[in-house]
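Quick notes on the structure that follows.
Every number in this text was worked out from the coordinates using simple rules, so none of it is lab data. It should be emphasised that the depicted structure is a prediction, and the values quoted were computed from it without experimental measurement. Quick reminder, even Gly has a Cβ in these numbers, built from the backbone with ideal geometry, and neighbours come from all protein chains shown.
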Amino acid sequence: MIAWITNQAIGATMPNLNTNILRSVPITYPDLPSQRRIAAILSAYDDLIENNTRRIAILEDMARMIYQEWFVRFRFPGHEQVRMVESELGQIPEGWEVGKLGAFIELAYGKALKADGRIAGPFPVYGSSGVVGYHNEGLVTGPGIIVGRKGNVGSVHWSDDPFWPIDTVYFVRTDTSLRYVFFNLQGQNFINNDAAVPGLNRNQAYSLPFVLKFPRSCGHLERVG
């Protein structure tokens, strides 16, 4: 069909199609009852996708509220029996400590992948504004966290699937609970360090406070979640 349409183009210097040519393009289509059956099936799938999307959004909101309740307000199950102690951020539960973000995560650089170098595929390509395209391979195994480095400084995105972070973002490497890190990063105060082209400095990010629970008996991190 594409070859047929291409052959109908007129004009030697700048080939083009006019409406008469387009109206003459032969097409095949099913009878009306079949069209209605197809439409009903597709409509049912659209409704299912919409319902699932709505459920996912509700679950994400619930997870965010639980994080705020447990790890920001410290009203986790059993918090009434936990003594609060002073820290550089104010009162936190006894047994918890305030560390530096850089002690728990690495902001790794993404890799350039221009639009004309992408091959159509299922893997999202992330820039600082979110998904900017798709590619036939991922650079990072999902799930993963993407943080805006240039442009939308400090924007935080989540990918369940393998993904390709381009050179305007960082991606997170960590041994800490990935979901905990994701919600924590959303509340961090990232600072733009470049007036001309907004940019996120890793050293500034690494110096930000990061609150987690540490077991009394050892010095390493107790994972949350």
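Summarise the long-distance tail of P(r) for the stretch 86-213 by giving the % of C-alpha pairs beyond 20 Å.
Here the tail beyond 20 Å accounts for 45 percent of pairs.
Sequence-distant or interchain residues sharing an amide H contact under 5 Å with S177, placed H: which?
V224
On a straight-distance basis, which lysines could pair with K114 in a cross-link, Cα separation under 24 angstrom, same-chain partners fewer than 8 positions away excluded?
Correct list for K114: K150.
Given points 7 Å out from each Cα along the Cα-Cβ axis, report the R73 to E60 separation in nanometres with one decimal.
Those two pseudo-labels are separated by 2.2 nm.
Quick one: dipole size for the stretch 86-213, taken about the Cα centre, charges +1 on Lys/Arg Cβ and -1 on Asp/Glu Cβ, in debye to the nearest 20.
340
In debye, nearest 20, what is the charge dipole magnitude of the chain about its Cα centre with +1 on Lys and Arg Cβ and -1 on Asp and Glu Cβ, if you could check?
Once rounded to the nearest 20, the dipole reads 220 debye.
Dividing the alpha-carbon radius of gyration of the chain by 2.2 N^0.38 Å (N being the number of residues), what value is obtained?
1.48
Below 8 Å, C-alpha to C-alpha, sequence gap of six or more: please give me the relative contact order for the chain in percent.
Taking the mean separation of contacting Cα pairs over the length of the chain, I get 17 percent.
Can you tell me how much longer the chain between L89 and S43 gets when fully stretched, taken as 0.36 nm per residue apart minus their C-alpha distance, in nm with one decimal?
Length difference between fully extended and current span is 11.4 nm.
Pop out the ³J(HN,Hα) list for the stretch 21-30 in order, Karplus 6.51 cos²θ - 1.76 cosθ + 1.60 with θ = phi - 60°, rounded to Hz; leave Gly and Pro as x.
Result, ordered by residue: 5, 5, 5, 8, 5, x, 9, 10, 8, x Hz.
Along the charge dipole of the chain, which of N51, G151, G90 sits closest to the positive end, that is, farthest toward it, with unit charges on the beta carbon of Lys, Arg, Asp and Glu (+1, +1, -1, -1)?
Working it through, the farthest residue towards the positive pole turns out to be G151.
Where does the chain land at 222 nm, in deg cm²/dmol rounded to the nearest 500, when only DSSP H runs of n ≥ 4 count, each adding -39500 (n - 2.57), divided by all residues?
The per-residue figure over the chain is -8500 deg cm²/dmol.
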